[in-house]
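The values are calculated or read from the model by the stated rules, or taken from the named source; none is laboratory data. Owing to the predicted nature of the structure, the values given are computational and were not obtained by experimental measurement. Counting neighbours? That spans all protein chains shown, and the Cβs are built from the backbone with ideal geometry, glycine included. Only protein heavy atoms, including side chains, enter the accessible area calculation; ligands, DNA and RNA are left aside. Shrake-Rupley method; radii C 1.70, N 1.55, O 1.52, S 1.80 Å.
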Amino acid sequence: MASPTLSTKSLPPPTYFSVLPLASIFAPASADTKQSSSGDLLDECSLQTLADEWESLFMQLEHAAARSLAPTAAPPNVRSADKALLLMSEFRSRRARHVAELATAIWTDLETQSSCAVIDRELSEIADAMRQVLTRLHARYPSIALIRLGSGEPLCELPATAYNVYFDATESTSAQAAAKQVVVGCVYPGWFDARAGQVVIAPRVVVE
C-alpha cells in the first residue's frame, strides 16, 4: 500500500462526517500511555496495534447487542430448508439496528463524558475500553479524530473510502437500488487523520 501524502496543514474531515476530537476524550488514570525508559512510546501504541484493538472492541459491542435480543420465531408454513436462512436474515437485521442504537449511546457517552441511561455495565466497560484506546491514540497521533456518518446520507454522494457497509437492509444487487441507498445507522465510528487528509478507519454503517 502506498504511503499517504502528508500535508503541512491540517485538513478537516469532510462535512458529511460528525467529528469528535480525541483531545476531548479522557480515559481513567490507569489508561496512561506507557513509555519505555528512553521516553519512547512502546510498540503497543503503534497505529496498527491501536487499530486492531479498536476493531476488537467492535466485536465486543456486536456480541453485547446480540445477547440482548429476544429470539425470533420463524414464520408459519415455511419449509425447514428455508427457515434457518430466514431466521438468520431477520436476526442480522435486528442486530444491525440494535448495534447502531448502542453505538449512538456510546458516542454520546464519549462526547459528554457521562454515561447515558441506556448504557448498562457491559456497555459502560466497552465505552471505557474505547476511551482508553482513543487516549493512547491521541497521545501518539494527535491529528486523528473520531468520525461517524449520520442517518440520511446518500451513498451515491459519498466516496467509497468514507464508509464500510456492515449491513444492507435492501439485500439488492441492482444498480438502480444501489443508487438510492442511504445510511440509516452508524454501528461503529471510524478515524480520520487531518494531517494525511484521509480516512484511517471507515465508519461502519447500516444502509437501505
request  = On the protein heavy atoms, probe 1.4 angstrom, tell me the percent of accessible surface of the range 60-208 carried by carbon and sulfur.
outcome  = 51 percent
ask   = Based on the Cβ-Cβ distance of Glu90 and Val19, what FRET efficiency does E = 1/(1 + (r/R0)^6) give at R0 = 35 Å, to the nearest 0.05?
value = 0.55
ask   = Counting only residues 5 or more places away or on other chains, whose amide H sits under 5 Å from the amide H of Val184 once H atoms are built in the peptide plane?
value = Gly152, Val206, Val207, Glu208
query = Going by average Cβ neighbours within 10 Å, how do the peptides 139-149, 73-83 rank, with the highest at the top?
reply = 139-149, 73-83
Computed over the range 42-200: relative contact order in percent, which uses C-alpha pairs under 8 Å that are six or more apart = 26 percent
remark   = For the range 106-157, the per residue accessible area (1.4 Å probe, Å²) is 46 Å²
query = Want the number for Ala169 to His63: 0.36 nm per residue separation, take away the alpha-carbon distance, what's left?
reply = 36.2 nm
